[in-house]
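Report on the structure given below.
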């Protein structure tokens, strides 16, 4: 059995936007050279920059964990770890 991220882990009955976002975040958690790993890291960096006004690049994304749906009234929840400290982020509302 393959250890590649599987979208049906999140979308068990039908495909959904939340499932695709979780699936991409799971790809970002890998450290291989698979094209989807880069896509996942691009996506997580884009989310981070959009939410905070930061300047993260895909190479800054080192790990993503606790990928969960419907957590404390949030559709999607995950934690992203980086090796760089960002001083250019705006205060989040």
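Laboratory data are not the source of any read-out in this text; all were calculated from the coordinates shown. Computed from a prediction, not measured in an experiment: that's the story for all the values here. For neighbour counting, all protein chains shown are included, and Cβ atoms are generated from backbone atoms with ideal geometry for every residue, glycine included.
Some points to look at:
- Tally of residues being crowded, with 19+ Cβ neighbours inside 10 Å and touching a helix residue (DSSP H, G or I) at 6+ places or on another chain (Cβ under 6 Å) across the stretch 26-42: 5
- Of all the residues in the stretch 47-63, those that are in a helix (DSSP H, G or I) and more than 21 Å from residue 11 (Cβ to Cβ) number 8.
- Residue 66 vs. criteria in a strand (DSSP E or B), closer than 19 Å to residue 6 by Cβ and touching a strand residue (DSSP E or B) at 6+ places or on another chain (Cβ under 6 Å): yes
- When restricted to residues that are buried (at least 18 other Cβ atoms within 10 Å of the Cβ) and out of contact with any helix residue (DSSP H, G or I) (no Cβ under 7 Å at 6 or more places or on another chain), the stretch 48-81 contains 1.
- Any chance residue 11 is surrounded by 14 or more Cβ atoms within 10 Å (Cβ to Cβ) and touching a strand residue (DSSP E or B) at 6+ places or on another chain (Cβ under 9 Å): no
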